[in-house]
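Q: Take a look at the following structure, please.
The values are calculated or read from the model by the stated rules, or taken from the named source; none is laboratory data. A quick note: this is a predicted structure, and the numbers were derived from the prediction, not measured. Glycine gets a Cβ as well: all are built from the backbone with ideal geometry, and neighbour counts include every protein chain shown.
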Amino acid sequence: MAGPVVVPVLPTYLDPERVTHCAIPYGRAIAQRLGTGIVLFSVVEITESLQSYLEAEGEQVDQLVQRWLSQRREAIEKLAQTITDVPYHVEVRIGEPAKEIVAFADERQATALVMSSHGRTGIARLLVGSITFSVAQRARQPLVVVRGRVPVPAPNTVVQLSPVLVPLDGSSLAEEAIDTALQLLGAGTEPLELHLLHVLSDDEEPAEWERYLESVAQRVRSRGLRVDWSLTRGPVAETIAAEAVRRHAGLTAMGTHGRSGVRRVLLGSTAEHVLHASAVPLLLHRPLAARRVVEETTETPGPLRVRDIMTPDPVTVGPDATLEQVAGLMLEHQIGAIPVVTPDGTLLGLIREEDFLMEERPIPFSAFQAPHLFGRWIDPERLEQLYAEARTLKAGDIAREPVITATEDTPLSELAERMVEHDVRHVPVVRDGRLVGIVTRHDILKAVARFRSSHG
């Protein structure tokens, strides 16, 4: 039996517009075709530094966390009970959403992930630092991204998955999206239909592309499937989006690639613009070559090294960013530190959450969050003063040189010892002085946990 279809969701009290709920009908429809179940997955979002604080506070705070988890589970269970026709399961965890989603999908050997786009700006922010973008970068499984819409469809709403529009550019990487679509949707009582599309550039002749598309279509037809194709001209993303709507496509299937490892997701920014221009969900597929990059960095025998666990291309700021902007980024991405870099990527220093709370140098991170969660930290009467400071202080003036740094080849055991010795939680990873990643204590703990589970 195929693995489950995982649908990350939030309860209504955190997602009043129910944007995340828009993914449920598609997750259910895919599960039906596969003959498998659906998992509604939710993460109680807590940053590393906040988690450390909660652990330090002892039993009383632990009870608070358990209450959060119980409240979340109850809300998601209530939502799940409206699902019919497919088996369902609810899973609630605590941590950083993107990391937990990817880890759970691997743990349960999920067949696919189905996620909605988030926020009022919706698709415009989908691939700009959002949770969905982070999952797209890391997930091994196909990811279906559903654009939030109003009214929000009920979980049992019948949705259309076929035909699948597959834009092709002549590369084998793009063609692999066909196999992914067939593996994910080829089963079921209704036959899957495909439509192959190439958007001609100004200097391309139609005849060559006609032969190419027909040859690909014949290979697909030999597998007993219905497929047709078309050529058109125009701006690539907008044309793909328009064709998906014109042909009443259920999904648009596009490959992702691993330019500079797996750092650059999607074929340029085309997929982002396709989603922005169209309400048709997007099936993102990571070709085999890009998946091998992920596998090589997580399953290579021998000692683990920093490259195996680091977060590549972390969120950064320039030296002229205000502390207000830094604080906002920390809250948006739920991270405990932000590197400060020059335009060419040279590391200047690090700003940590702790730096915002130091008595000798008060910086107003707490003005953004602490009064709500930990009111005793900041006197409310000082908030205006702190907000004013946040608008004027610059990241380059506050950033501190990191106590230690690492390279991608640093053995994990060595880095762990140095982090304990110097009592640091965040270590920038540099190559020739330029930032390429970051490692946290949480990353090391997860690596240790994986090692123990695989060798226990």
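Q: Provide a single number: the residues in region 63-114 that are over 17 Å from the mean Cα position of the chain (by Cα), over 21 Å from residue 185 (Cα atoms), modelled with pLDDT of 90 or more and among the aliphatic types (A, V, I, L, M).
A: So the count comes out to 6.
Q: Another question, then. Out of the residues in region 406-426 meeting the condition of being among the aliphatic types (A, V, I, L, M) and over 15 Å from residue 353 (Cβ atoms), tell me which one is modelled with the lowest pLDDT.
A: 420
Q: So is residue 323 among the hydrophobic types (A, V, I, L, M, F, W, C), out of contact with any His (no Cβ under 6 Å at 6 or more places or on another chain), crowded, with 20+ Cβ neighbours inside 10 Å and at pLDDT 85 or above or not?
A: No; evaluated as a whole, the condition is false for this residue.
Q: Here is a follow-up. Of these, 136, 154, which one is closer than 30 Å to residue 31 by Cβ, small (Gly, Ala, Ser), crowded, with 22+ Cβ neighbours inside 10 Å and within 28 Å of the chain's Cα centre (by Cα)?
A: Of the residues listed, the single one that is closer than 30 Å to residue 31 by Cβ, small (Gly, Ala, Ser), crowded, with 22+ Cβ neighbours inside 10 Å and within 28 Å of the chain's Cα centre (by Cα) is 136.
Q: Here's something else I'd like to know. Please go through region 168-210 and pick out each residue that is without any contact (Cβ under 8 Å) to a residue 40 or more places away in the chain, assigned to a loop (DSSP other than H, G, I, E, B) and buried (at least 20 other Cβ atoms within 10 Å of the Cβ).
A: Across region 168-210, the qualifying residue is only 192.
Q: Here is a check on your reading of the model: is residue 403 farther than 26 Å from residue 104 by Cα, modelled with pLDDT under 80 and surrounded by fewer than 16 Cβ atoms within 10 Å (Cβ to Cβ)?
A: no
Q: Output the number of residues of region 243-268 satisfying the condition of being buried (at least 18 other Cβ atoms within 10 Å of the Cβ), modelled with pLDDT of 50 or more and of a type in the set (A, V, I, L, M, F, W, C).
A: 5
Q: Here's a follow-up. Taking the condition of being surrounded by 12 or more Cβ atoms within 10 Å (Cβ to Cβ) and either among the aliphatic types (A, V, I, L, M) or touching a residue at least 24 places away in the same chain (Cβ under 8 Å) (or both), how many residues in region 211-232 meet it?
A: 13
Q: Would you pick out the residues in region 30-62 that are of a type in the set (Phe, Trp, Tyr) and at pLDDT 60 or above?
A: Once the filter is applied, which keeps residues that are of a type in the set (Phe, Trp, Tyr) and at pLDDT 60 or above, region 30-62 yields only 41.
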